[in-house]
Amino acid sequence: QVQLVESGGGLVQPGGSLRLSCAASGSIISIYAMGWSRQAPGKQREWVAGITSGGNTNYADSVKGRFTISRDNGKNTMYLQMNSLKPEDTAVYSCYADVSTISISRPDRYWGQGTQVAVSS
């Protein structure tokens, strides 16, 4: 089994910054794509950013230029640096990872439990 644990959420004022982390653990052979999505109250889940195992990144237009996704393959950990935060960034942020394990060689997508980000003055 694979566990993803997010951390780093909290309350921040508009214009502020937060750094989210997502640590993967378990019977991991390889981690392929990783990424973040978010869901605001009353809204559909929105994909935010993704990163390949080789470090190629993609971002939603709504966060491009403000958010930076990165990963440390040696630590099985991914990060999301969020700058110039806006009230509309308020949401539960969840990480995902496509992982192959000892028992299942074909990669499956795993999700974290989510961390709350609130942007308010």
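Numbers below:
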| read-out | value |
| --- | --- |
| Taking only Cα atoms of the range 82-121, radius of gyration then Dmax in Å | 15.2, 48 |
| Kirkwood Rh and Cα Rg combined as Rg over Rh, evaluated for the range 56-106 | 1.06 |
| Average Cα contact separation per residue, the chain, under 8 Å, 6 or more apart, as relative contact order % | 37 percent |
| Cα-based reach from Lys86 at 25 Å (exclusive), listing lysines while leaving out same-chain residues under 8 positions away | Lys43, Lys64 |
| The chain, accessible surface, carbon-and-sulfur percent (1.4 angstrom probe) | 47 percent |
| Cα-based Rg and Dmax for the chain, where Dmax is the largest Cα-Cα distance (Å) | 14.2, 48 |
| Residues of the chain: accessible area per residue with a 1.4 Å probe, Å² | 52 Å² |
| Label-point separation in nm, Ser53 to Tyr32, each point 7 Å along Cα→Cβ | 0.9 nm |
| Simple label model, 7 Å out from Cα along Cβ direction - Ala60 to Lys75, nm | 2.6 nm |
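The values are calculated or read from the model by the stated rules, or taken from the named source; none is laboratory data. This structure is a prediction, so every number in the text was calculated from the model and none was measured. Don't worry about glycine lacking a Cβ; one is built from the backbone with ideal geometry, like all the others, and counts go over all protein chains shown. Ligands, DNA and RNA are excluded from the accessible area calculation, which covers all protein heavy atoms including side chains. Shrake-Rupley method; radii C 1.70, N 1.55, O 1.52, S 1.80 Å.
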